[in-house]
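Below is one structure, written out as structure tokens, with a few remarks after it.
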Amino acid sequence: MAQSYIKKADLSGQISATISQKYDLFGYFHVVNAQSCMFFIDLHTHQFSTESPQLAIKSIDVKVPNEALLHAELEGSQPNQYFSLGLHPWYINPTTIEQDWACLQRLAVHPKVLMIGETGLDRLVATDWTFQIQVFRQHIALAQSLQKPLIIHCVRSFPEIIQCKKMVKNNVSWIIHGFNSNEQIMKQLLDKQFFISVGTAVLQSQSHIARLLPAMPIEQLFLETDDKNCTISSIFAKVATIRGIDIEFLQEKIFDNFKKNIHLCPQAASIV
Ligand SMILES: [Zn+2]
């Protein structure tokens, strides 16, 4: 096991060197695929890790004063580092929303931004509920217009999120991040074609998600570390054990889900 991991890491190093001159997104996946060198996809993190080989999407809450810094971070990122940008329901503010929203619109078109969010609804935060819904709907429209999936933070508001999805005609993927709720909610989400991203809760064997995972369609699954001090490989290892499959097979399946649902814009290489 240790040996095969080192081999993969070396292959990944060669690939990175080959493509480090430009963000050749399709080239990256083509090369990785051709050599069947699978890697860990961390769909939602707040900090890039040095663990290799992996592809990670860092979620950043956009605020106007940070625009130049954020832009520089997008431009300076490594070929396997991507982003999702949004206005988190914890931090939205009616007095700055217009400027923050305009900033998000400017940055979200960048080819390194693969998803919109995290956005969503949270019953436990003090932010005005109507305001949360209004901002969430703006994110839905932005995701649709840019054809980028939504990464969703949802606390005690699954009925409302599901209702929003029913009401909008959209064709981008909606991904609930950090899911750890009950079976009934999971079934509703899966029926409505949501994707479920699983994080560190799965490491606790008594958690909802650890118990529900064996029955979950792998085609609707993603994995993440979020803001936790944990490696994405440990999440993959735990999920592979629970499902009774090899880590390599799980990597392939998650990569398939990624390719099918997270559209890399074709002009990316020429824009940057
Ligand atoms: Zn998060």
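The values are calculated or read from the model by the stated rules, or taken from the named source; none is laboratory data. Bear in mind that the values here come from a model prediction, so they are computed numbers and not experimental data. Quick reminder, even Gly has a Cβ in these numbers, built from the backbone with ideal geometry, and neighbours come from all protein chains shown.
Tabulated values for the structure
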read-out	value
Residue within the stretch 149-166 that is more than 16 Å from the ligand (Cβ to nearest atom) and either in contact with a Cys (Cβ under 9 Å, 6 or more places away or on another chain) or under 20 Å from A237 (Cβ atoms) (or both) present	yes
Failed item, numbered, when F179 is tested on (1) under 24 Å from N261 (Cα atoms); (2) in a loop (DSSP other than H, G, I, E, B); (3) more than 16 Å from the ligand (Cβ to nearest atom); (4) hydrophobic (A, V, I, L, M, F, W, C)	(3)
Top-ranked residue of the stretch 65-75 - restricted to ones that are surrounded by fewer than 16 Cβ atoms within 10 Å (Cβ to Cβ) and of a type in the set (A, V, I, L, M, F, W, C), ranked as nearest to the ligand (Cβ to nearest atom)	L69
Cβ pairs under 6 Å, 6+ apart, first in the stretch 242-257 and of a type in the set (S, T, N, Q), second surrounded by 18 or more Cβ atoms within 10 Å (Cβ to Cβ)	Q251/M38
Residue in the stretch 95-108 that is assigned to a strand (DSSP E or B), modelled with pLDDT of 95 or more and in contact with a Phe, Trp or Tyr (Cβ under 9 Å, 6 or more places away or on another chain) present	no
Residue that is surrounded by the fewest Cβ atoms within 10 Å (Cβ to Cβ), among those in the stretch 190-206 that are away from the ligand (no atom under 16 Å from the Cβ) and farther than 19 Å from K148 by Cα	Q206
Any hit, the stretch 6-17, residues being more than 17 Å from the chain's Cα centre (by Cα), at pLDDT 50 or above and farther than 29 Å from V125 by Cα	no
The stretch 207-246, residues that are among the polar types (S, T, N, Q), assigned to a loop (DSSP other than H, G, I, E, B) and either more than 16 Å from the ligand (Cβ to nearest atom) or surrounded by fewer than 19 Cβ atoms within 10 Å (Cβ to Cβ) (or both)	S207, N229, T231
Of residues in the stretch 42-54 being in contact with a Leu (Cβ under 9 Å, 6 or more places away or on another chain) and away from the ligand (no atom under 11 Å from the Cβ), the one farthest from D226 (Cα to Cα)	P53
Condition met for I262 (hydrophobic (A, V, I, L, M, F, W, C) and either within 16 Å of the ligand (Cβ to nearest atom) or over 15 Å from the mean Cα position of the chain (by Cα) (or both))	no
